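A.B. asks: Sending over a structure as structure tokens; questions will come in a sec.
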Amino acid sequence: MRFGKRRDDDGPADDGRDAFLGLRAQVLGLDPSLIGADPAASVVWGALMEMGIETAVATIVALADGSTSLYTSTGGGVIGGGEHASVVAENRGFLAAIERNLERFVPDDADELPTDGTVTFRALTHRGKLSATAAEAELGAGTHPLSEVFFAGHRVITALRLIASPP
């Protein structure tokens, strides 16, 4: 399901930033037991890939129960991706890539948004939140140790786009 900018009945179109920050805060504050995350099955129960794009941010969310979404600070995005097997498959690949690279992550409770040209990966683990930030150009060129995670995140984006805009 796609969603976009919303217009309130009594005012101008919402720029979407408040909705974006609210959705993001819900995910970052989520209790993993609410999605049935099993600490014995995996350390990572959720992950975000947040991309700073000029004055906006795009956030991919992947949770262990298959829930998958894309939120943008400008008010657009895709929710409900976890209802599609193709999206869930890419979600699982992204979470696995995060888990394989956890040694590159550091503890992080700041939850700061990335700046233009940077990507922040957030690992939601049973031991706490971790993050890693890198330049998008290095990640995209395949020269950064976290390029595998970046490419896995982009496969999630592609899967979400395909369900949001079927041929």
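A.B. asks: Give the number of residues within the stretch 38-48 that are under 17 Å from the mean Cα position of the chain (by Cα) and not β-branched (Val, Ile, Thr).
C.D. replies: Going through the stretch 38-48 one residue at a time, the tally reaches 4.
A.B. asks: Check 144, 126 and return the single one that is more than 20 Å from residue 71 (Cβ to Cβ) and at pLDDT below 95. Please lay out each step first, then the result.
C.D. replies: Values: 144 fails: at pLDDT below 95.
The conditions single out 126.
A.B. asks: Within the stretch 101-128, restricting attention to residues that are among the basic types (Lys, Arg) and surrounded by fewer than 18 Cβ atoms within 10 Å (Cβ to Cβ), which residue is nearest to residue 21 (Cα to Cα)?
C.D. replies: 127
A.B. asks: Just one of the numbered conditions (1) more than 15 Å from the chain's Cα centre (by Cα); (2) buried (at least 17 other Cβ atoms within 10 Å of the Cβ); (3) of a type in the set (S, T, N, Q) is not true of residue 55; which one?
C.D. replies: In the conditions (1) more than 15 Å from the chain's Cα centre (by Cα); (2) buried (at least 17 other Cβ atoms within 10 Å of the Cβ); (3) of a type in the set (S, T, N, Q), residue 55 misses (2) alone.
A.B. asks: Conditions: (1) surrounded by fewer than 16 Cβ atoms within 10 Å (Cβ to Cβ); (2) modelled with pLDDT of 95 or more; (3) out of contact with any Asp or Glu (no Cβ under 6 Å at 6 or more places or on another chain); (4) under 22 Å from residue 145 (Cα atoms). Residue 89 meets all but one. Number of the miss?
C.D. replies: (4)
A.B. asks: Follow-up question, since we're still on this one. I need the strands (runs of 3 or more DSSP E) fully contained in the stretch 29-118, keeping only those with at least 2 residues that are without any contact (Cβ under 8 Å) to a residue 60 or more places away in the chain.
C.D. replies: 56-63, 68-72
A.B. asks: Residue 144 passes all but one of (1) in contact (Cβ under 8 Å) with a residue 12 or more places away in the chain; (2) farther than 23 Å from residue 31 by Cβ; (3) buried (at least 18 other Cβ atoms within 10 Å of the Cβ); which number fails?
C.D. replies: Evaluating residue 144 over (1) in contact (Cβ under 8 Å) with a residue 12 or more places away in the chain; (2) farther than 23 Å from residue 31 by Cβ; (3) buried (at least 18 other Cβ atoms within 10 Å of the Cβ) leaves (1) as the failure.
A.B. asks: Right, here's the next one. Of the residues that make up the stretch 40-49, is at least one among the aliphatic types (A, V, I, L, M) and out of contact with any helix residue (DSSP H, G or I) (no Cβ under 9 Å at 6 or more places or on another chain)?
C.D. replies: Among the residues of the stretch 40-49, at least one is among the aliphatic types (A, V, I, L, M) and out of contact with any helix residue (DSSP H, G or I) (no Cβ under 9 Å at 6 or more places or on another chain), which makes the answer yes.
A.B. asks: Determine which member of the set 76, 66, 81 is on the phi > 0 side of the Ramachandran plot and either within 16 Å of the chain's Cα centre (by Cα) or buried (at least 22 other Cβ atoms within 10 Å of the Cβ) (or both).
C.D. replies: One residue alone meets the criteria, 66.
A.B. asks: Do we have residue 60 as closer than 22 Å to residue 136 by Cα and out of contact with any strand residue (DSSP E or B) (no Cβ under 7 Å at 6 or more places or on another chain) here? Walk me through it before giving the result.
C.D. replies: Details: closer than 22 Å to residue 136 by Cα: yes; out of contact with any strand residue (DSSP E or B) (no Cβ under 7 Å at 6 or more places or on another chain): no.
Answer is no for this residue.
A.B. asks: Any idea how many residues of the stretch 125-139 are within 19 Å of residue 113 (Cβ to Cβ), without any contact (Cβ under 8 Å) to a residue 60 or more places away in the chain and in a strand (DSSP E or B)?
C.D. replies: 6
The values are calculated or read from the model by the stated rules, or taken from the named source; none is laboratory data. Computed from a predicted model, the values in this text were never measured in an experiment. Because the Cβ atoms are built from the backbone with ideal geometry, glycine has one as well, and the counts that use them run over all protein chains shown.
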